[in-house]
1. Could you check how many residues of segment 54-88 are free of Cβ contacts under 8 Å to residues at least 60 places away in the same chain, not hydroxyl-bearing (Ser, Thr, Tyr) and not in a helix (DSSP H, G or I)?
2. Quick check: anything in segment 150-157 in a helix (DSSP H, G or I), within 17 Å of the chain's Cα centre (by Cα) and modelled with pLDDT of 95 or more?
3. With the requirement that a residue be over 17 Å from Arg210 (Cβ atoms) and either assigned to a helix (DSSP H, G or I) or over 12 Å from the mean Cα position of the chain (by Cα) (or both), what does segment 8-34 give you?
4. Can we say Ser160 is surrounded by 17 or more Cβ atoms within 10 Å (Cβ to Cβ), in contact (Cβ under 8 Å) with a residue 12 or more places away in the chain, hydroxyl-bearing (Ser, Thr, Tyr) and touching a Leu at 6+ places or on another chain (Cβ under 9 Å)?
5. From (1) without any contact (Cβ under 8 Å) to a residue 60 or more places away in the chain; (2) assigned to a loop (DSSP other than H, G, I, E, B); (3) more than 11 Å from Met1 (Cβ to Cβ), pick out the condition that doesn't hold for Arg210.
6. Among the listed residues Ala73, Ala90, identify the single one that is more than 16 Å from Gly184 (Cα to Cα), in contact with a strand residue (DSSP E or B) (Cβ under 7 Å, 6 or more places away or on another chain) and modelled with pLDDT of 95 or more.
7. Report the residue count in segment 89-107 for those that are assigned to a loop (DSSP other than H, G, I, E, B) and among the charged types (D, E, K, R).
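The values are calculated or read from the model by the stated rules, or taken from the named source; none is laboratory data. Model, not experiment: these values are computed from the prediction. Here Cβ is always computed from backbone atoms with ideal geometry, including for glycine, and neighbour counts include all displayed protein chains.
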Amino acid sequence: MKLQVAIDLLDKESALRLADAVRPYADIIEIGTPLIKSEGLEIVRAAKRAFPEIPLLADMKTADTGELETRLALDAGADLVGVLGTAGDATIRGAIEAAKARGKAVVVDLISVPDKIARAREVLDFGAELVEFHSSADDRTGAQFQDLLDEAARSGVPFSFASGIDTSTIAAVRAAGAQVAVIGGAIYQSADPAATIRELRSVAGLSEYRSA
């Protein structure tokens, strides 16, 4: 399992400091949607210049103009682009085609999708790299976390998981079969992000440092 750090801070300087602190331990750095909306795609360019060795996911949450938004993110330096599973098939296919033309990939976010397993199978057939089982930051409970994790485990597809993961839940996420655990607030709200991500790797039974 890989660890993806979602940076949902709102200014470039804070975001780059956080990325620098966690980069020995993070397998993927996610430039979060609020950060992109605050700083524009220049934050993706800045992160790629500063940390060229780490895969970057631009969480565009694209709902329309899939080819265009994906191309813009990739041209800025993203390696992966987040697209909404609630978007139309043509939008998702356009995003995937744009990514594949550049040797990059699309992750389809299943937030607010009613039948997540069915949609996951559809978009993976289109050529998506992964699907993300994701609960809304506006509405999270412990029961919802477990229901979503159980659904992801039943899906039988390659998935990432994002739902307020912390040290008390990350081992369960790995046991459920997640290829990627997406961790946001537990790290960016921590007084010592580097120590927190090291602890997360340890609790999950992962090697101390990020994968090569």
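1. First, the residues of segment 54-88 that are free of Cβ contacts under 8 Å to residues at least 60 places away in the same chain: 55-88.
When the remaining residues are screened for being not hydroxyl-bearing (Ser, Thr, Tyr), the result is 55-61, 63-64, 66-69, 71-85, 87-88.
Now drop any that are not not in a helix (DSSP H, G or I), which leaves 55-61, 63-64, 76-85, 87-88.
Residues in segment 54-88 being free of Cβ contacts under 8 Å to residues at least 60 places away in the same chain, not hydroxyl-bearing (Ser, Thr, Tyr) and not in a helix (DSSP H, G or I): 21 in total.
2. Residues of segment 150-157 that are in a helix (DSSP H, G or I), as a first pass: 150-155.
Checking which are within 17 Å of the chain's Cα centre (by Cα) leaves us with 152.
Then keep just the ones that are modelled with pLDDT of 95 or more; that gives 152.
Checking segment 150-157: at least one residue is in a helix (DSSP H, G or I), within 17 Å of the chain's Cα centre (by Cα) and modelled with pLDDT of 95 or more.
3. Leu9, Leu10, Asp11, Lys12, Glu13, Ser14, Ala15, Leu16, Arg17, Thr33, Pro34
4. Working: surrounded by 17 or more Cβ atoms within 10 Å (Cβ to Cβ): yes; in contact (Cβ under 8 Å) with a residue 12 or more places away in the chain: yes; hydroxyl-bearing (Ser, Thr, Tyr): yes; touching a Leu at 6+ places or on another chain (Cβ under 9 Å): yes.
Criteria met by Ser160.
5. (1)
6. Values: Ala90 fails: in contact with a strand residue (DSSP E or B) (Cβ under 7 Å, 6 or more places away or on another chain).
Step by step, each of Ala73, Ala90 is checked, and only Ala73 is more than 16 Å from Gly184 (Cα to Cα), in contact with a strand residue (DSSP E or B) (Cβ under 7 Å, 6 or more places away or on another chain) and modelled with pLDDT of 95 or more.
7. In the first step, residues of segment 89-107 are kept if they are assigned to a loop (DSSP other than H, G, I, E, B); the result is 102-104.
Restricting the remaining residues to those that are among the charged types (D, E, K, R) gives 102, 104.
Of the residues in that region, 2 qualify.
Residues are listed down the side, and each one gets a yes or a no for (1) within 21 Å of Ala175 (Cα to Cα); (2) buried (at least 20 other Cβ atoms within 10 Å of the Cβ); (3) among the β-branched types (Val, Ile, Thr):
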position	(1), (2), (3)
Ala90	no, no, no
Ile96	no, yes, yes
Lys116	yes, yes, no
Ala128	no, yes, no
Thr141	yes, no, yes
Phe145	yes, no, no
Glu151	yes, no, no
